[in-house]
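Novice: Quick one: structure below, then a few questions.
The values are calculated or read from the model by the stated rules, or taken from the named source; none is laboratory data. In this text the structure is predicted, and so the values were computed from the model without any measurement. FYI the Cβ positions are ideal-geometry reconstructions off the backbone, even for glycines, and counts take in every protein chain you see.
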Amino acid sequence: MLLLLFVQFQSTAQSLHIKKTQEAIRIDGILDEIVWQNAEVAGDFIQYFPYDTSAAVDQTEVRLTYDDQFIYIGAKMYRSGSQEYVTPSLRRDFRGPSYDVIAVLLDTYKDRTNAFTFGVNPFGVQREGLIAGGGNRTGGGGGSRQSSSSVSFDWDNKWYSAAKIYDGYWIAEMAIPFKTIRYKEGLDSWYLNFYRTDSKNGERSTWSPIPRNFSIATLAFSKELLWDQPLESPGKNISIIPYTSFQTLRDYEEKMPADSKFTLGGDVKVAVTPSLNLDMTINPDFSQVEVDEQVTNLDRFEIFYPEKRQFFLENADLFADFGSSRARPFFSRRIGILQDTSTGLNIQNPLYFGTRLSGKIDNNWRIGLMSIQAAKDKTVSLPSINYTVASIQRKIWERSNIGMIFVNKQAFQDSIGGDFTTNPLAYNRVFGMDFNYASVDNQWTGKMYYHQSFDNYKTDSTFSAGAEFNYNTYHWEARTRLQSIGANYNPEVGYVRRTDIMRSATTVYYNFYPKKGPIQSHAPGFDYDMIGNKKYGFLDWDINFLYRVNFQNTSRLNMRLRKEYTYLFEPFDPSGTDGPELPFDTEYTMNLVMINYQSDQRKNLFFDLSTRSGEYYNGYLINLSGETSYRFQPVGVLSLNFTYNGVRLPSPYNSADLFLIGPKIDLTFTKNLFWTTFIQYNNQINNVNVNSRFQWRYKPVSDLYLVYTDNYLAGIDGRIIDFTQPKYRAFVIKLTYWLNI
C-alpha cells in the first residue's frame with residue numbers, strides 16, 4: 001500500500017520535458033530512432049476505471065520530441081495475455097469507453113478550459129477532437145461517459161500516425177503539425193495528459209491521475225509539458241480547401257422536373273497568429289454531412305440537433321456555449337439549414353460566403369467574429385439574410401471567464417423578389433453576457449448569464465437569464481439550475497425551448513464504490529424540475545427517484561420513477577397524429593417509469609435499450625427504443641435503431657402505434673474507404689428515407705463523396721412502403737482537396 005501511494009505521488013508530482021531533435025523520424029510504429037531511447041518517459045499510469053487508487057494493470061509509456069514542423073508522440077502500450085483488441089470499425093473519429101485507444105490531451109493555451117485531443121488505436125485508426133468547458137460538463141457517476149458538448153470529435157484536421165501490434169504490447173506513433181493546432185508563441189510550457197483504454201481489462205488509465213467522479217477528459221488535473229526552448233511561430237500557415245460538386249435532385253410531391261447543377265467553392269484557413277485563425281468560405285456545400293437521423297416527436301417543443309459542419313466547429317464554444325442547453329442566443333444550424341416539413345428532413349439553404357475569426361489574442365483574451373451571407377430561398381419565402389456574430393471572452397482567476405456575445409440577423413432584401421438592399425425593419429438581434437466558473441480542484445463549476453433580444457415587433461419581456469451550480473466530490477454530485485425567460489424573448493438565430501417561464505431544477509446523487517464484485521459504482525439520486533409563470537402558475541413539474549449502476553464490464557443501467565404534471569395553455573394532440581386535441585386550460589398528473597441499459601460494447605453483439613412508459617395525459621404510453629448492433633471487426637457494424645410508441649387515449653382522441661425503424665450498415669473496407677447506408681421508416685410522417693454515402697479519403701483530409709438520398713411514401717393504402725410514389729430524390733458527387741501552403 002505504501003509503495004502504491006509512493007507511485008501515485010510520483011506520477012502526480014512530475015512534469016514532462018520535451019527536447020528538440022535533429023534526427024529524421026519515420027512514422028511507422030517501430031520507435032527505432034535514437035531520440036526515442038533518450039526521451040523522457042511519461043509512465044506509471046494510474047487507473048481511472050474501474051478504480052482510481054491503483055496502478056494500471058497493463059502499463060503505458062509515452063515519449064515526446066519535436067522539430068521545426070511537428071510534435072512527435074511515441075507510445076508503447078503493454079498487454080498481458082490476450083492480444084485481441086477492440087475497435088468499432090476502421091472509420092476515423094470512433095468513440096466509446098470500451099474501445100482500445102491511446103490519446104493525448106494538449107492544453108496549448110494553459111487555461112485548463114480548452115484543449116486538442118488526438119488518439120490512435122492498435123489498428124492505426126485516428127481520431128481528433130476539440131475539448132471545451134474544461135472537458136467535464138457532465139462529470140460524475142464514475143466517469144462513465146464524456147459529454148458530447150465538451151468533447152467533439154467532429155472537428156477534422158491534417159496529422160499523421162501509425163500503429164503496430166507486437167507480442168505483449170502495441171506501439172503508436174503520432175506526428176502533429178504545429179500548423180494544425182493553435183498555441184501562444186513564446187510559451188515555454190503547455191499542459192497535457194494521456195489516457196488509455198484497454199479493452200481486455202475493461203480498464204481506463206491516465207498519466208496524470210483523475211478522480212473517477214470526473215470525466216476522463218477533464219483538464220483540471222493536467223501536468224506541465226516543459227519545452228527546452230520557447231516555441232516560435234510555425235511560419236506561414238495557410239490551408240486552401242477547394243471543392244467541386246455535381247448534384248441532381250427532384251421533388252416529386254411538387255411535380256417539379258429534375259434540377260441538376262454543378263458548383264464550385266471552398267474554404268481558406270489562415271493562421272493570423274499561432275493562436276488566432278481566420279476561416280473564409282465561398283459558396284460552401286455541406287452535402288457530405290450525414291443526414292440527421294429522425295426521431296419520433298411526441299413533445300410539444302422543437303428537437304435540438306447538434307452541429308457537425310466543419311466551418312462552425314473550431315473554437316465553437318466561443319459562439320455556441322452562451323446561455324443554457326434550453327436557451328442559446330446563437331445556434332449555428334439556423335444558418336444554411338431549412339426543414340422540409342413533408343419529409344421531416346433538413347435541406348440546405350445556399351450560402352454565398354462566410355468569414356470567421358476566432359482564437360486567442362493572449363493568454364487572457366479570446367475573440368470570435370463571424371459573418372455569413374445566405375442566399376434567398378423561394379421554397380420557404382426566405383430573402384437573402386446576413387448573419388453576424390461577435391463574442392469576446394476574458395479569463396479571470398485560474399479557470400473561469402467572463403464572455404459577451406452579440407448576434408445580428410439582417411435581411412438584405414425587402415422580399416424574395418426585392419432589391420438587394422438592407423431593410424431597416426427586418427432584423428433580429430441578441431446581446432448577452434455570461435460568467436463561467438470552475439474551481440481549481442474542479443469540485444465547483446457553474447455559470448450565470450443574462451441575454452436580451454431586440455427586434456421591430458415587441459420590446460418588453462425580451463430577456464433570458466439563468467444560473468447553474470454544480471458540486472462534485474467523490475461521493476456527492478449535485479446540480480442546480482435556475483432560469484427565467486421573458487414572454488417575448490426571440491433569438492431567431494438561437495435556440496429556445498419555450499418562453500415566458502421560470503424554471504428551477506436540481507439533481508442530487510450519492511455514489512457508492514464497491515471494492516469487489518461486478519459493480520464499479522452505483523448511486524441513488526433525487527431530481528426535480530419545476531416550470532411555471534405568473535399567469536398560469538405551474539406549467540410543468542416532475543419529481544424523480546433515481547438509481548444508476550456502472551458495471552465493471554463497462555455496461556450501465558439508469559432507472560427513474562417519475563411523477564410529472566403538465567398544464568396545457570394551448571391545445572395539444574398527444575398522439576402525434578394530427579388528431580383531436582386536448583383542450584387548453586386542462587391539467588394532467590402522470591406516473592411513469594424510465595429505464596436505460598447499455599450493454600458491454602466490447603462484445604460483438606451489443607445494444608442500448610430504453611423505455612419511458614406509464615400514464616400519458618388522459619391515457620397511457622408504452623415506449624421501447626434503442627439500438628442493437630453487431631460488429632464485424634474490423635470491417636464494420638450492422639445496426640438497427642428502433643422506436644415504438646404505443647399511445648392509448650380514450651375516445652374521441654386518437655390512439656396510435658408509432659414506429660421508427662432504421663437499419664444501418666457501416667462498412668470500412670480500409671482506413672480510407674467507407675460506405676454507410678441507412679434506411680429510416682417513420683410512420684408518424686408517412687416517410688421512408690434512404691441515405692447511402694460512399695467516402696474515399698484519397699489523401700489526408702481530402703475526400704471523394706458519393707451521396708444518394710431517396711424518400712418514399714409509407715403507410716398509404718395498407719402498404720408499408722410505396723416504391724411507386726417517391727417524394728424527394730437527390731444524388732451528389734463531391735470532391736474536396738486540402739492544400740497547405
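Novice: Looking only at the stretch 624-667, how many residues end up being in a strand (DSSP E or B) and either among the basic types (Lys, Arg) or more than 20 Å from residue 123 (Cα to Cα) (or both)?
Specialist: 27
Novice: How many residues does the stretch 480-495 hold that are in a strand (DSSP E or B) and either at pLDDT below 95 or more than 27 Å from the chain's Cα centre (by Cα) (or both)?
Specialist: Adding up the residues that qualify gives 1.
Novice: Assigned to a strand (DSSP E or B), over 30 Å from residue 408 (Cβ atoms) and touching a residue at least 12 places away in the same chain (Cβ under 8 Å) - does that describe any residue in the stretch 449-466?
Specialist: Among the residues of the stretch 449-466, not one is assigned to a strand (DSSP E or B), over 30 Å from residue 408 (Cβ atoms) and touching a residue at least 12 places away in the same chain (Cβ under 8 Å), which makes the answer no.
Novice: Still on this structure, I have one more. State whether the residues of the stretch 480-495 include one that is among the polar types (S, T, N, Q) and touching a residue at least 60 places away in the same chain (Cβ under 8 Å).
Specialist: yes
Novice: Let me ask another. Only one of 669, 678 is surrounded by 16 or more Cβ atoms within 10 Å (Cβ to Cβ), of a type in the set (A, V, I, L, M, F, W, C) and either under 26 Å from residue 175 (Cβ atoms) or in contact (Cβ under 8 Å) with a residue 12 or more places away in the chain (or both); which?
Specialist: Going through 669, 678 in turn, the sole match is 678.
Novice: Whether any residue in the stretch 5-15 is assigned to a loop (DSSP other than H, G, I, E, B) and modelled with pLDDT under 95 is what I want to check.
Specialist: yes
Novice: Just to verify a result, which residue in the stretch 234-263, among those that are of a type in the set (Gly, Ala, Ser) and modelled with pLDDT of 90 or more, is farthest from residue 15 (Cα to Cα)?
Specialist: 260
For every residue, the table says whether it meets (1) surrounded by fewer than 16 Cβ atoms within 10 Å (Cβ to Cβ); (2) of a type in the set (Gly, Ala, Ser); (3) at pLDDT 95 or above.
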{"site": "466", "(1), (2), (3)": "no, yes, yes"}
{"site": "478", "(1), (2), (3)": "no, yes, yes"}
{"site": "503", "(1), (2), (3)": "no, no, yes"}
{"site": "536", "(1), (2), (3)": "yes, no, no"}
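Novice: Tally the residues that are buried (at least 16 other Cβ atoms within 10 Å of the Cβ) and farther than 20 Å from residue 657 by Cβ, restricting the search to the stretch 604-622.
Specialist: Count: 3.
Novice: Moving on. Among the residues of the stretch 56-91, count how many are assigned to a loop (DSSP other than H, G, I, E, B), within 30 Å of the chain's Cα centre (by Cα) and among the hydrophobic types (A, V, I, L, M, F, W, C).
Specialist: 3
Novice: Regarding residue 592, is this residue touching a strand residue (DSSP E or B) at 6+ places or on another chain (Cβ under 8 Å), under 27 Å from residue 550 (Cβ atoms), surrounded by fewer than 18 Cβ atoms within 10 Å (Cβ to Cβ) and without any contact (Cβ under 8 Å) to a residue 60 or more places away in the chain?
Specialist: no
Novice: Looking at the stretch 706-728, which of the residues that are at pLDDT 90 or above and crowded, with 16+ Cβ neighbours inside 10 Å is farthest from residue 263 (Cα to Cα)?
Specialist: 710
Novice: Now a separate question. Consider residue 168 against the criteria (1) closer than 30 Å to residue 602 by Cα; (2) among the small types (Gly, Ala, Ser); (3) crowded, with 17+ Cβ neighbours inside 10 Å: it satisfies all of them except one. Which criterion is unmet?
Specialist: (3)
Novice: Can I ask one more? Scan the stretch 555-581 residue by residue and report those that are at positive phi and either loosely packed, with under 15 Cβ neighbours inside 10 Å or not assigned by TED's automatic domain parsing to the domain that holds residue 621 (or both).
Specialist: Across the stretch 555-581, the qualifying residue is only 578.
Novice: Would you confirm, using the coordinates I've provided, whether residue 728 is within 22 Å of residue 310 (Cα to Cα) and part of a strand (DSSP E or B)?
Specialist: So residue 728 fails the test.
Novice: Considering only the stretch 298-324, how many residues are in a helix (DSSP H, G or I), modelled with pLDDT of 90 or more and not acidic (Asp, Glu)?
Specialist: Counting residues in the stretch 298-324 that are in a helix (DSSP H, G or I), modelled with pLDDT of 90 or more and not acidic (Asp, Glu) gives 3.
Novice: Just checking, does the stretch 221-240 include any residue being more than 30 Å from residue 189 (Cβ to Cβ) and either of a type in the set (A, V, I, L, M, F, W, C) or assigned by TED's automatic domain parsing to the domain that holds residue 95 (or both)?
Specialist: Yes, because at least one residue in the stretch 221-240 is more than 30 Å from residue 189 (Cβ to Cβ) and either of a type in the set (A, V, I, L, M, F, W, C) or assigned by TED's automatic domain parsing to the domain that holds residue 95 (or both).
Novice: Could you check, for the stretch 378-401, whether at least one of its residues is among the acidic types (Asp, Glu) and either touching a His at 6+ places or on another chain (Cβ under 6 Å) or more than 23 Å from residue 449 (Cβ to Cβ) (or both)?
Specialist: Checked against the condition, which is being among the acidic types (Asp, Glu) and either touching a His at 6+ places or on another chain (Cβ under 6 Å) or more than 23 Å from residue 449 (Cβ to Cβ) (or both), the stretch 378-401 yields no hits at all.
Novice: Condition test on residue 234, is it in a loop (DSSP other than H, G, I, E, B), under 31 Å from the mean Cα position of the chain (by Cα) and under 25 Å from residue 122 (Cα atoms)?
Specialist: no
Novice: Regarding the stretch 166-177, can at least one residue be identified that is in the same structural domain as residue 80 (by TED's automatic domain parsing) and not in a strand (DSSP E or B)?
Specialist: Within the stretch 166-177, one or more residues are in the same structural domain as residue 80 (by TED's automatic domain parsing) and not in a strand (DSSP E or B).
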